[in-house]
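Let me begin by presenting the structure, written as structure tokens, before commenting on it.
The numbers here are math on the coordinates, done by the rules we state, and not lab data. Treat the numbers as computed from the prediction; the structure is a model and nothing was measured. Glycine gets a Cβ as well: all are built from the backbone with ideal geometry, and neighbour counts include every protein chain shown.
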């Protein structure tokens, strides 16, 4: 067994960790917050605020 | 959406309120630079040299500069429009506000495919580079590249998932190292410091234009590789602190950096490597800057350019994940795709569902498709996007002339850059047709089919008010 074989296994392991982290966090987030909150982002928010401040 | 007043007498639309969780505005001009240059710089490390194979070293230089003009036009046009349309989605959002829904849907797909395919190509390259390192360090046999390909994609997706500031700060550092490596190689081999090893006259003699002017035309296809992706800076529009300043500054500094890097790369590599070897990117010089460093006889340069190649590859994949996910997210938010994709992570403030959704797609292409086909699909999607840009800016200036809305940057000599860009796109389409005609026709066919699907089915779900969220006056003629 050469060093590079261990590095290969490490790469598989790290890949699994990163993938799992995202999936678990995704699941936790989706179950902790309502869909209304998660998808509340609106385009043009900054522009609208600037426009209102300008008018005021 | 009830909170958008599209009947306003004075304004064409009014930005909506009610965002509880939105993308975070934390980026500055340096991050914009890192995003644009980071995506592209890998093209200097590998890929551009196929242009040498198509028409010789001079043809590659001509293609480098003509493609440079094309992308300078792209950068100027993008800087003007995106400093005004400062929202995630970049050219997709521009198309939505300026042209219309069908164009926006197509541009959104061009963007997502171009970046996801480029990400896959970068991951393949990273796997290959690591296998080269293994061979150089004495590993016997063939290293399994798959775990490294998968790790590249998943690590960078994780980084993107966790937050945009860390993602693009990481890109800034590795992109700067990769750029400095090119400068150091140029200085070391050109004779500015120590003895120069470049021999242009000897290497070019009798091979000035081996395939004549048609070779120059064919080289244009890979000339794009020097700059492909600089337009990605626009995807950061909703996350920069000052869009009107940071986007034009970062984008224009980016194209200037790339013009320097591209010319230095051509000069250094073509002066050291014979054109037949340099132009064969499969069996000859896969990574020309690295091969030039190896011929320099300096171990320090070999290590520096080796690290530069790997960093440029990772920076490109990282920027591509960032950009593809923003385009996909913006389309979801406007219901051009299911609204589920328009979610933002409440803690990390990233479009997390779009990031995760595109991971398996990138993995399928990275593990199951040949590199040249993946790259060609990316280039063709990019080319379709560049063809849209001149039409976009002409319509933008016509509908909202100078003075009617505030622009962060006004590009000079309009409509000359738009016309030049359109002509160069036409030439490049012909160049691509010469080498990859079947793929070009197949891809245009694909976009026609999805356009029909959008028109006859998907459009009924689209949030039509999203077309009027910018607080602009009504366009002229409407």
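By how many nm would the segment from residue B:460 to residue B:433 lengthen if fully extended, with 0.36 nm per residue of separation less the alpha-carbon distance?
So the chain would gain 6.2 nm between residue B:460 and residue B:433.
Can you tell me the orientation of helix B:29-40 relative to chain B, as the angle in degrees between its alpha-carbon axis and the longest Cα principal axis, to the nearest 10?
For B:29-40 against chain B, the angle is about 60 degrees.
Expressed as an acute angle from 0 to 90° and rounded to the nearest 10, what is the orientation of the C-alpha long axis of helix B:243-270 relative to the principal long axis of chain B?
20
Rounded to whole Å and ordered largest first, report the semi-axes of the equivalent ellipsoid of the protein assembly as shown derived from its Cα gyration tensor (root of 5λ).
Working from the Cα gyration tensor, I get semi-axes of 39, 28, 20 Å.
Go ahead and collect, in residue order, the members of region B:312-352 whose backbone nitrogen is under 14 Å from a label point 7 Å along the Cα-Cβ direction of residue A:21.
Of the residues in region B:312-352, B:348 have backbone N under 14 Å from the label point off residue A:21.
In nm, what is the difference between 0.36 nm times the number of residues separating residue B:448 and residue B:256 and their Cα-Cα distance?
Taking residue B:448 through residue B:256 to full extension adds about 65.6 nm, to one decimal.
What is the helix-to-structure angle for B:164-189, meaning the angle in degrees between its Cα long axis and the longest Cα principal axis of chain B, kept from 0 to 90 and rounded to the nearest 10?
30
Give me the extension gain from residue B:173 to residue B:244: residue separation times 0.36 nm, minus the current Cα-Cα distance, reported in nm with one decimal.
23.1 nm
In nm, to one decimal, how far is the residue B:136 label point from the residue A:36 one, both placed 7 Å along Cα→Cβ?
The modelled label-to-label distance comes out at 5.8 nm.
In whole angstrom, note down how far apart the Cα centers of region B:33-93 and region B:334-358 are.
Cα centres, region B:33-93 to region B:334-358: 28 Å.
Calculate the FRET efficiency for residue B:200 and residue B:166 from the Cβ-Cβ distance with a Förster distance of 45 Å, rounded to the nearest 0.05. Don't jump to the answer; show the numbers that get you there.
Details: r = 43 Å, r/R0 = 0.95.
Working from the Cβ atoms, E equals 0.55.
With n ≥ 4 as the cut-off for DSSP H runs, can you work out [θ] at 222 nm for chain B, using -39500 (n - 2.57) per run divided by the number of residues, rounded to the nearest 500?
-22500 deg cm²/dmol, from helical runs alone.
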